[in-house]
1. Does GLY58 satisfy the criteria of being surrounded by 15 or more Cβ atoms within 10 Å (Cβ to Cβ) and in contact with a strand residue (DSSP E or B) (Cβ under 9 Å, 6 or more places away or on another chain)?
2. Determine, yes or no, whether GLY149 is over 24 Å from GLY35 (Cα atoms), modelled with pLDDT under 95 and open to solvent by 20 Å² or more (accessible area, probe 1.4 Å).
3. Is one or more of the residues making up region 164-181 in contact with a Pro (Cβ under 9 Å, 6 or more places away or on another chain), open to solvent by less than 20 Å² (accessible area, probe 1.4 Å) and closer than 25 Å to SER44 by Cα?
4. Scan region 113-125 for residues that are within 16 Å of ligand 1 (Cβ to nearest atom) and outside any strand (DSSP E or B) and jot them down.
5. Mind checking which residues of region 185-196 are open to solvent by less than 20 Å² (accessible area, probe 1.4 Å) and in contact (Cβ under 8 Å) with a residue 24 or more places away in the chain?
6. Among the candidates GLU323, GLU251, GLU286, which residue alone is within 28 Å of GLY153 (Cβ to Cβ), charged (D, E, K, R) and away from ligand 2 (no atom under 16 Å from the Cβ)?
7. Looking only at region 239-248, decide whether some residue is within 15 Å of ligand 2 (Cβ to nearest atom) and either open to solvent by less than 10 Å² (accessible area, probe 1.4 Å) or in the same structural domain as ILE53 (by TED's automatic domain parsing) (or both).
8. Scan ILE128, ILE42 and give me the residue that is away from ligand 1 (no atom under 16 Å from the Cβ) and under 28 Å from ALA9 (Cβ atoms).
Amino acid sequence: MNNFPKFTAKHTSLLAKHLNKTVFEQLKDKKTTLGFSLQQAIQSGLDNPDSGIGVYAGDLESYSTFAALFDPIIKSYHHFDRSLSKHTSNLNADDFNYNNPDTNNEYILSTRIRVGRNLANYPLGTAISKTQRDEVEQLIVNTLNNLKGELKGHYYPLYDMADETRERLIKDHFLFKNGDRFLESAGLNRDWPTGRGIFHNQSKTFLVWINEEDQLRIISMQKGGDIKATFQRLSLAIAQLEQQLTFMYDERLGYISSCPTNLGTAMRASVHIALPNLAKNKAQFEAITNKYHLQIRGVNGEHSSSENGIFDISNKRRLGINEVQCVSDLHQGVAALIRAESSF
Ligand code: ADP
Ligand code: IOM
């Protein structure tokens, strides 16, 4: 990559904020051992001015090779204190001591908690070959097929799925969408749809996406606002999967994901919540979400808009805190949002 990219006023990503000419000169000829380049790392943010972040890693080494760019982005997003040299995890749902913030079922439609994971001995999805991706799919499916009890389910590969079934799963918020332009530019949609699919139990309270933005998105979801029960199911699933799969992990950065927003815990705990009054009072709404480190998304996920005053509210920070703190950020923020919404 020879020339400093042309950013326009429309490029509002953290990439546009942190890639200056000095950093560019330092990194432009660098590649990781696997050959992942700066061009590949930033292509999504260049093609999509409305990216939130705009950079992707190709492997664990990307985080050190391109640290001059990635580190400030990580710090801006997670407010990660760089003096913290070791990530700590706490997936013990018994340490989360809060009740449903919406006991009368008036505001929260559903709760979903997911983590991203990638296998230790493979490149991330941005840099993986078709053969490796197919191997990853097979390894994960073999492991999922051993799950028992509530987690027992079936794998549905995307290439073999009727359009009608796929569209229904997307509409019902269970499956990732096709052709995401952010993933496309990052090289994450190569060889689509082979190697991709979804595993879920009968009641669709436990689901695993395979080979989307990360090799695994492990998801627990259910109707209503019982965050603790949703967290318990997720913890149980992760513990079982960890007995057979080794996930990519770094002492400082925690679980490694292709997008720097999903480092550390790689956990996004969310509710779909009806907030029609706050929707009309954006300043008050955002003051609360900022105070509790929450992100507002639309009802169809990242880069979508809200419909009928229903929002996807989730923890924003994922690194520098543990999983119990992620769900606590969500719980405390949602309780404050409900107090504000009910006072109109
Ligand atoms: P991710 O959570 O992996 O970052 P997205 O933001 O794209 O991915 O969301 C994926 C899907 O999950 C979307 O269909 C979204 O509406 C759905 N979803 C997210 N949170 C909830 C929730 N609390 N209840 C129901 N569906 C949800
Ligand atoms: N996680 C990823 N899909 N996202 C943060 C992309 C972006 O908006 O940069």
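1. Details: surrounded by 15 or more Cβ atoms within 10 Å (Cβ to Cβ): yes; in contact with a strand residue (DSSP E or B) (Cβ under 9 Å, 6 or more places away or on another chain): yes.
So GLY58 passes the test.
2. Values: over 24 Å from GLY35 (Cα atoms): yes; modelled with pLDDT under 95: no; open to solvent by 20 Å² or more (accessible area, probe 1.4 Å): yes.
The answer is no for GLY149.
3. no
4. From region 113-125, those within 16 Å of ligand 1 (Cβ to nearest atom) are 113-118, 124-125; that's our starting set.
Passing the criteria: ASN118, LEU124, GLY125.
5. If we filter region 185-196 for residues that are open to solvent by less than 20 Å² (accessible area, probe 1.4 Å), which is where we start, we get 186-189, 195-196.
Selection gives ALA186, GLY187, LEU188, GLY195, ARG196.
6. Values: GLU251 fails: within 28 Å of GLY153 (Cβ to Cβ); GLU286 fails: within 28 Å of GLY153 (Cβ to Cβ).
One residue alone meets the criteria, GLU323.
7. Within region 239-248, the subset within 15 Å of ligand 2 (Cβ to nearest atom) is none.
No; the residues of region 239-248 include none that is within 15 Å of ligand 2 (Cβ to nearest atom) and either open to solvent by less than 10 Å² (accessible area, probe 1.4 Å) or in the same structural domain as ILE53 (by TED's automatic domain parsing) (or both).
8. Working: ILE128 fails: under 28 Å from ALA9 (Cβ atoms).
After ruling out the rest, the residue left standing is ILE42.
The values are calculated or read from the model by the stated rules, or taken from the named source; none is laboratory data. Keep in mind the model is a prediction, meaning the values are calculated, not measured. As a convention, Cβ positions derive from the backbone with ideal geometry for all residues, glycine included, and neighbour counts pool all protein chains shown. Just the protein is used for accessible areas: all its heavy atoms, side chains included, with ligands, DNA and RNA removed. Shrake-Rupley method; radii C 1.70, N 1.55, O 1.52, S 1.80 Å.
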